[in-house]
Amino acid sequence: MKILVTGGAGFIGSAFIRHMVKTYPSYHIICFDKLTYAGNLDNLREVDHRPNYEFIKGDVEDLNFLVWLFRHVDVVVHFAAESHVDNSLGNSLLFTKSNVIGTHSILEACRVSNVKKLVHISTDEVYGDILEGSFNEDAKLSPTNPYSASKAASEMMLKSYIKTYKLPAVVVRPNNNYGPFQFPEKIISRFSTRLIQGKKVPLHSPKPVRTYIHVDDTAKAIDVVLHKGVIHEIYNIGTEDEISNIDLTRKMLQFFGRDESYVELVDDRPFNDLRYSVDYSKIEALGWKQQISFEEGLQHTLTWYAENKWWWEQMSECQKK
Ligand code: NAD
């Protein structure tokens, strides 16, 4: 099986590729990535010498190139996207280009080629927030920021290709991922690298609650959907590991031996979802189970950032005061 992974040099895409290359030596895995600020081939060092791995630099908006490439691809797993909400509050047009037009190009290239399955990576943020309970896959989409709106818009385009062309696609909607190799712009990676450097952490708002899943659990869930997911279905990928921003920050302060004077409250986002939560019983019914508890995964992740300064120290994000 030949699998092309868009955005494979990013955080979740690279975890998925490391898992697939090691688990399935007989599959050929192609990482297709534009290498934006968030793409980093160092994330793939562990597997880049293996014969079943290949890297191709390219942009998901380049339809002609995709059509040419997809001639001999069996499965496409589509991660490529602008992924940081805060950036979408500045230049949201870039999000429409990469996430909506990029996905549209992927759909079109799949339509005219012989791709047998497209696994589209969406997000739990397409549902918007929920103060109590959890969204299942039939809930209505109600995105609240330009990032989540661009992800919802790309899902709408995908839905139209399913209805009109019977495109063999499945969608997954994971919740917040954390783990090694996450660009230091999201709360766990950013705060870890700052605390290690002895810098204060900028906290938007103490209140919002997020649910976390370790990136290796997400990679395995996508593997399950790739092999067993029913065409045209949607699968939430989630856990019960909910924690507020302030409680998470306190855990990190404690781990790195810093006190509350290292927290700087900064202006909140113009609108900040209070809580996300998904019902993930449907993917559990396919045979997936969370394997890494938040306590264990967080300890391991914070230790990884402390021990792998080579990976993040030179990044522009880490040069900021
Ligand atoms: P990331 O920002 O770490 O990586 C994105 C990757 O896509 C980068 O390697 C980048 O170079 C590449 N890319 C961006 N635009 C491209 C383009 N036009 N052509 C080719 N490559 C391009 O993102 P991530 O956190 O790994 O997220 C991956 C996917 O999972 C995204 O679709 C995101 O919406 C979704 N998701 C992320 C989370 C999370 O917590 N990180 C949660 C749910 C869903």
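Overview of results
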quantity: Check on Gly133, surrounded by fewer than 23 Cβ atoms within 10 Å (Cβ to Cβ), touching a strand residue (DSSP E or B) at 6+ places or on another chain (Cβ under 9 Å) and in contact (Cβ under 8 Å) with a residue 24 or more places away in the chain; calculated: no
quantity: Failed item in (1) farther than 21 Å from Phe255 by Cα; (2) assigned to a helix (DSSP H, G or I); (3) within 14 Å of the ligand (Cβ to nearest atom), with Arg111 passing the rest; calculated: (3)
quantity: Helices (runs of 4 or more DSSP H) lying entirely in the stretch 4-89 (those with 3 or more residues that are over 21 Å from Ser122 (Cα atoms) and either of a type outside the set (Asp, Glu) or near the ligand (Cβ under 9 Å from one of its atoms) (or both)); calculated: 11-23, 63-69
quantity: Of all residues in the stretch 116-130 being within 14 Å of the ligand (Cβ to nearest atom) and farther than 21 Å from Glu242 by Cα, the one that is surrounded by the fewest Cβ atoms within 10 Å (Cβ to Cβ); calculated: Val119
quantity: Residue list for the stretch 167-200, restricted to those being part of a loop (DSSP other than H, G, I, E, B) and closer than 18 Å to Leu253 by Cβ; calculated: Pro184, Lys186, Gln197, Gly198, Lys199, Lys200
quantity: Any pair with Cβ under 6 angstrom, 6 or more apart, that starts in the stretch 178-205 at a residue that is more than 16 Å from the ligand (Cβ to nearest atom) and ends at one that is of a type in the set (A, V, I, L, M, F, W, C); calculated: Arg194/Val201; Leu195/Phe256; Ile196/Ala306; Val201/Phe191; Val201/Val263; Pro202/Val266; Leu203/Val263; Leu203/Leu265
quantity: Hits in the stretch 90-112 (condition: under 12 Å from Ser150 (Cα atoms), open to solvent by less than 20 Å² (accessible area, probe 1.4 Å) and more than 18 Å from the chain's Cα centre (by Cα)); calculated: none
quantity: Unmet criterion (only one of (1) in contact (Cβ under 8 Å) with a residue 24 or more places away in the chain; (2) surrounded by fewer than 13 Cβ atoms within 10 Å (Cβ to Cβ)) for Leu302; calculated: (2)
quantity: Gly297 vs. criteria touching a residue at least 40 places away in the same chain (Cβ under 8 Å) and small (Gly, Ala, Ser); calculated: yes
quantity: Residue satisfying all of: in the stretch 254-288; open to solvent by less than 40 Å² (accessible area, probe 1.4 Å), of a type in the set (Ser, Thr, Tyr) and out of contact with any Lys or Arg (no Cβ under 7 Å at 6 or more places or on another chain); nearest to Leu195 (Cα to Cα) among these; calculated: Ser277
quantity: Strands (runs of 3 or more DSSP E) enclosed by the stretch 201-253 - at least 2 residues per element that are open to solvent by 50 Å² or more (accessible area, probe 1.4 Å); calculated: none
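The values are calculated or read from the model by the stated rules, or taken from the named source; none is laboratory data. Remember, predicted model here, so these are calculated numbers, not experimental data. So basically every Cβ, Gly included, is an ideal-geometry build from the backbone, and we count neighbours across all protein chains shown. Ligands, DNA and RNA are excluded from the accessible area calculation, which covers all protein heavy atoms including side chains. Shrake-Rupley method; radii C 1.70, N 1.55, O 1.52, S 1.80 Å.
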